[in-house]
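Chemist: Here it is, the structure in full.
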Amino acid sequence: MTTPLNYTGNKSRLMSQFAEYFPKNIGVFVDLFCGGATVGLNVDAREIIFLDNNHNVINLLKHLSLSDFDVLLSRLEKLISKYGLSYSAKFGYRQYRLGVPREDNNGLKKYNFLGYYKLRSDYNSLKDKASAYALDLLYLLIVYSFNNDMRFNRKGEFNLPVGKTDLNKNNLKKLIQYIDKIKKTNHTFICADFREEKVQKILLNADFIYADPPYLIGDAVYNEMSNWTEKTEQELIGLLEKLNRQGKKFALSNILDKVGASNKPLSDWIFNRTDLHIFDIKYHYKSASYNKINRNAREREVLITNYN
């Protein structure tokens, strides 16, 4: 299943490949750097811990997980009406395109322009971004934003421009599937940095850890406040090495090489190791908006495991 958060780099298209390499009958599974929670949602485990240092992501995932779909939808519909946004899931798509030339490929961008920026302004002006009302607004911002993504500037303001889509049938399907699935799952959401002592204790008590950190040589802008450097990469490698010594199974997603760049810390770590295994992943994010400049750029995306 796919997540209701179209978070940059989500792994929904890769899960069929990951299933070949992930262990079976997992006890406690940690989705480290969980983002939109795609991997954890698709893993069969007794207990799933979703862990990320982005409080906006964790708060929204938790908020949606605690919601009754019908009650949530009622609140969202009132907000859609308040801001004069399109609602193609209920009223269809065509009526919102009246007067727009057929060759125009901007979808519902023109119709939602004013309402979206009013919505964005109102959200950014809120002092309490963790309230249920604020999180309803944040979900709608993602649905109506460019590429249905989430991005904040250094001031903590949501800063994506208006997008082409709206609350359509596909978004509603993802939302109801998420709420239904998460309520049947023994799960915990934790907002913390992987370097914190409490996180390391959680990892050492887990049966299997999947890590999908920001890619050191990737092009995606996860968050303008992000500061993933070679030093951070080395700190993560140090943690994984510690887990390896403790006999904890883990899998790591990353990019080893791309045109003009190489992840040297990661390459140095895995060089000549017999206890680490590298599997090439057959998918590149050519359709992602952040990769439009050079969609054919060759990247070597891999899954690294410390078990056969």
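The values are calculated or read from the model by the stated rules, or taken from the named source; none is laboratory data. Computed from a predicted model, the values in this text were never measured in an experiment. No Cβ is skipped: glycine too gets one built from the backbone with ideal geometry, and neighbour counts run over all protein chains shown.
Chemist: Filtering segment 263-286 down to residues that are over 20 Å from P214 (Cβ atoms) and in a loop (DSSP other than H, G, I, E, B), which residue is modelled with the lowest pLDDT?
Modeler: Step by step, filter segment 263-286, then rank; the result is K282.
Chemist: Just give me the residues in segment 93-131 being in a loop (DSSP other than H, G, I, E, B), modelled with pLDDT of 95 or more and among the basic types (K, R), in sequence order.
Modeler: Across segment 93-131, the qualifying residues are K127, K129.
Chemist: Under the condition of being assigned to a helix (DSSP H, G or I) and among the polar types (S, T, N, Q), which residue from segment 170-209 is nearest to T38 (Cα to Cα)?
Modeler: Q177
Chemist: Would you check if there is a residue in segment 64-84 being touching a residue at least 40 places away in the same chain (Cβ under 8 Å), farther than 21 Å from P161 by Cβ and under 16 Å from the mean Cα position of the chain (by Cα)?
Modeler: Yes, there is a match, as at least one residue in segment 64-84 is touching a residue at least 40 places away in the same chain (Cβ under 8 Å), farther than 21 Å from P161 by Cβ and under 16 Å from the mean Cα position of the chain (by Cα).
Chemist: Please determine whether any residue of segment 86-102 is surrounded by 13 or more Cβ atoms within 10 Å (Cβ to Cβ), touching a residue at least 60 places away in the same chain (Cβ under 8 Å), of a type in the set (A, V, I, L, M, F, W, C) and out of contact with any helix residue (DSSP H, G or I) (no Cβ under 7 Å at 6 or more places or on another chain).
Modeler: Scanning segment 86-102, I find no residue that is surrounded by 13 or more Cβ atoms within 10 Å (Cβ to Cβ), touching a residue at least 60 places away in the same chain (Cβ under 8 Å), of a type in the set (A, V, I, L, M, F, W, C) and out of contact with any helix residue (DSSP H, G or I) (no Cβ under 7 Å at 6 or more places or on another chain), so the answer is no.
Chemist: Please state which one of S81, S67, S74 is assigned by TED's automatic domain parsing to the domain that holds L141 and either acidic (D, E) or assigned to a loop (DSSP other than H, G, I, E, B) (or both).
Modeler: Answer to the selection: S67.
Chemist: Do we find that L204 is of a type in the set (A, V, I, L, M, F, W, C), in contact (Cβ under 8 Å) with a residue 12 or more places away in the chain, surrounded by fewer than 17 Cβ atoms within 10 Å (Cβ to Cβ) and touching a Lys or Arg at 6+ places or on another chain (Cβ under 8 Å) in this structure?
Modeler: The answer is yes for L204.
Chemist: Looking at (1) at pLDDT 95 or above; (2) under 18 Å from N10 (Cα atoms); (3) surrounded by fewer than 20 Cβ atoms within 10 Å (Cβ to Cβ), which one does Y210 not meet, given that it meets all the others?
Modeler: Of the numbered conditions (1) at pLDDT 95 or above; (2) under 18 Å from N10 (Cα atoms); (3) surrounded by fewer than 20 Cβ atoms within 10 Å (Cβ to Cβ), the odd one out for Y210 is (3).
Chemist: Evaluate the following for R46: is it in contact with an Asp or Glu (Cβ under 9 Å, 6 or more places away or on another chain) and crowded, with 16+ Cβ neighbours inside 10 Å?
Modeler: The answer is no for R46.
Chemist: Which residues, counting only those in segment 106-130, are free of Cβ contacts under 8 Å to residues at least 12 places away in the same chain and more than 25 Å from K155 (Cβ to Cβ)?
Modeler: Passing the criteria: only K110.
Chemist: Shifting gears a bit: Of the numbered conditions (1) modelled with pLDDT under 95; (2) small (G, A, S); (3) outside any helix (DSSP H, G or I), S16 satisfies every one except a single condition; which is it?
Modeler: Status for S16: all satisfied but (3).
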